[in-house]
Structures are given as C-alpha cells and as structure tokens.
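Rule-based calculations on the coordinates, nothing more; no lab input. Here the structure is a predicted model, which is why all the values come from computation and not from measurement. Cβ placement follows ideal geometry from the backbone for every residue including glycine, while neighbour counts extend to all protein chains displayed.
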Ligand code: ADP
Ligand code: MG
Ligand code: MG
C-alpha cells in the first residue's frame with residue numbers, strides 16, 4: 001500500500017534549507033496500522049508534509065508510492081483524491097464557514113478531482129448524522145464555524161469526524177507532543193479503530209506510548225535523524241517508554 005524507499009527530503013528556503021529526511025524506508029501494507037515514534041525534531045512531521053506535498057517540503061531522492069502510484073509526481077489535491085488524508089496537528093479556525101459546509105466541500109473537491117459526481121445532500125446529511133453519533137458530536141456543533149471557539153477536545157473530535165467522513169485509503173495522523181487529555185486520546189483511538197479495514201492503511205505518528213494503549217498498532221517504527229532506525233511490534237513502544245530514546249539510539253549506533 002504505502003511504500004517509501006530511501007526517501008530524502010529538504011525543508012526551508014535559501015540559506016535556511018536543510019536535509020531532514022535521510023534515506024527513509026518504510027512499508028505499510030493494506031489493512032495495517034503502523035505507529036511512528038521518535039524524539040522531537042526527528043522529522044516525523046516533515047515526513048507527513050512531504051507525503052501530502054506541502055509547500056516548502058521537497059523530496060530530493062528516493063520513492064514514495066501509494067498502491068503503486070508515484071505520490072511525489074502528484075499535486076497535493078491529486079494525492080488527496082488518491083485517498084491520502086493528513087490530520088491537522090494545529091487545527092485552523094475558519095470563521096463564517098460551518099463545519100457541514102466545509103466537510104461537504106472537501107468531499108466534493110476530491111470527487112471532482114476523481115471525475116465523480118458530488119455527494120447528494122441527503123446522503124451527506126445521513127452520513128454526517130451517523131458518524132456524528134459515533135463520535136458524540138451533536139448537530140449544533142456541526143453548524144458552528146470550523147473550530148471557532150472549540151475546546152481542544154472538540155477540535156480533536158472534529159478532526160476525526162472529518163477523517164471518517166472522507167473515508168481515506170490511507171490516513172496519517174500526526175499527533176501533537178502535548179495537550180491530548182485522556183478523552184481526546186480515546187477519540188483519536190476510537191476513530192482509528194473504527195476505520196481499520198483490510199483495504200485501508202494508517203500511520204499514527206506519536207511522541208507518547210499511551211496513545212498506543214488504545215490503538216494496538218501492527219508495527220512500531222522509530223524515526224531518528226531522518227530515517228527509520230528500528231522497527232518492531234507493539235512491545236517496541238513499551239520498551240521506548242521504559243528506556244527512552246537514548247537507550248534505543250545507543251543500541252542502534
Ligand atoms: P518532529 O515532528 O519529529 O518533531 P519535524 O519534522 O517537525 O520534527 O522537524 C524536523 C526538523 O526540521 C527540525 O529541526 C525542524 O526545526 C526542521 N524544520 C521543519 N520544518 C521546517 C521549515 N519549514 N523550515 C526550516 N526547518 C524546518
Ligand atoms: Mg515536534
Ligand atoms: Mg512533529
């Protein structure tokens with residue numbers, strides 16, 4: 001499904017330009033949820049931006065494919081239409097635009113890029129109601145402007161709502177290193193678990209082991225200095241929690 005081979009990438013412009021990803025290889029087969037952990041500044045967020053094609057993040061060598069399609073050759077909207085979804089580490093507020101309008105526009109933009117018809121209003125409303133119920137989001141919240149005045153937990157629930165509405169082929173969740181309380185952690189975990197399916201892959205980027213208590217990843221990878229330095233099962237996350245990154249990095253060196 002997602003296959004990264006010897007990926008290198010630079011960030012920044014002019015004198016500030018530097019190489020962040022340094023020969024990163026990773027495979028996430030369809031049906032699996034993998035976690036990426038790693039110290040601050042290792043390049044975890046850079047990886048998600050390179051994959052989604054954010055401005056200023058440039059792959060310089062290696063390959064990245066999704067179901068065999070070359071991601072690096074696609075525009076960001078084409079990557080989204082191919083089913084790649086990235087959660088927002090820092091959610092933006094969009095005054096004046098209700099959640100329902102925003103999510104419907106996002107779904108239709110993808111459908112348009114794929115050459116498909118728009119989702120009908122009744123279908124959209126039915127789906128929004130079902131997913132909203134699962135996530136404990138009431139109808140009033142979906143009528144409010146995107147993220148304006150939302151609590152941290154509400155923003156998180158909205159993000160997962162959006163992910164579930166988009167039905168991505170491959171989802172990347174880049175979780176902030178702080179500020180996720182236990183309810184928000186559970187919201188993220190419930191969303192990931194609800195979306196698990198045999199034709200979908202997910203990559204959960206996290207600094208802390210505790211999110212993985214609720215998700216149970218198939219594989220855990222440690223990203224350090226721009227590459228995957230170690231991979232293992234869920235027990236690797238527990239080892240990291242106990243020994244810290246220094247232990248693992250010393251072992252690898
Ligand atoms: P992580 O998510 O693992 O904490 P990041 O990918 O955010 O790490 O950052 C990796 C390194 O790249 C850091 O040293 C960071 O300062 C640098 N970096 C990230 N984005 C930019 C940018 N737009 N311009 C310059 N440096 C950047
Ligand atoms: Mg960070
Ligand atoms: Mg980060």
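The table below gives the values:
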quantity: The range 1-97 - Debye-derived log10 I(q)/I(0), Cα point model, q = 0.15, 0.21 Å⁻¹; calculated: -0.64, -1.19
quantity: Computed FRET value (nearest 0.05) for residue 130 with residue 183, which takes r as the C-beta separation and R₀ as 25 Å; calculated: 0.75
quantity: Three-way shape label, the range 130-188, alpha-carbon gyration tensor, a/c 1.5; calculated: oblate
quantity: Extension gain, residue 94 back to residue 109 (0.36 nm per residue minus Cα-Cα distance, nm); calculated: 3.7 nm
quantity: Förster-model FRET efficiency, 30 Å R0, residue 140 and residue 167, C-beta, rounded to 0.05; calculated: 0.80
quantity: Which of 151, 45 has the fewest Cβ neighbours within 10 Å, and the rest in rising order; calculated: 151, 45
quantity: Separation of alpha-carbon centers, the range 48-84 and the range 188-237, rounded to whole Å; calculated: 20 Å
quantity: Simple spin-label estimate for residue 15 and residue 241 in nanometres, 7 Å along Cα-Cβ; calculated: 4.5 nm
quantity: Gain in span if fully extended, residue 151 to residue 25, counting 0.36 nm per residue against the direct Cα distance; calculated: 41.7 nm
quantity: Pairwise Cα inverse-distance average, inverted: Kirkwood Rh of the chain (Å); calculated: 18.9 Å
quantity: Cα gyration tensor shape of the range 109-229, rounded if a/c is under 1.5, else prolate or oblate by comparing a/b with b/c; calculated: oblate
quantity: 222 nm mean residue ellipticity, helices alone, for the chain (DSSP H n ≥ 4; -39,500 (n - 2.57); rounded to 500); calculated: -12500 deg cm²/dmol
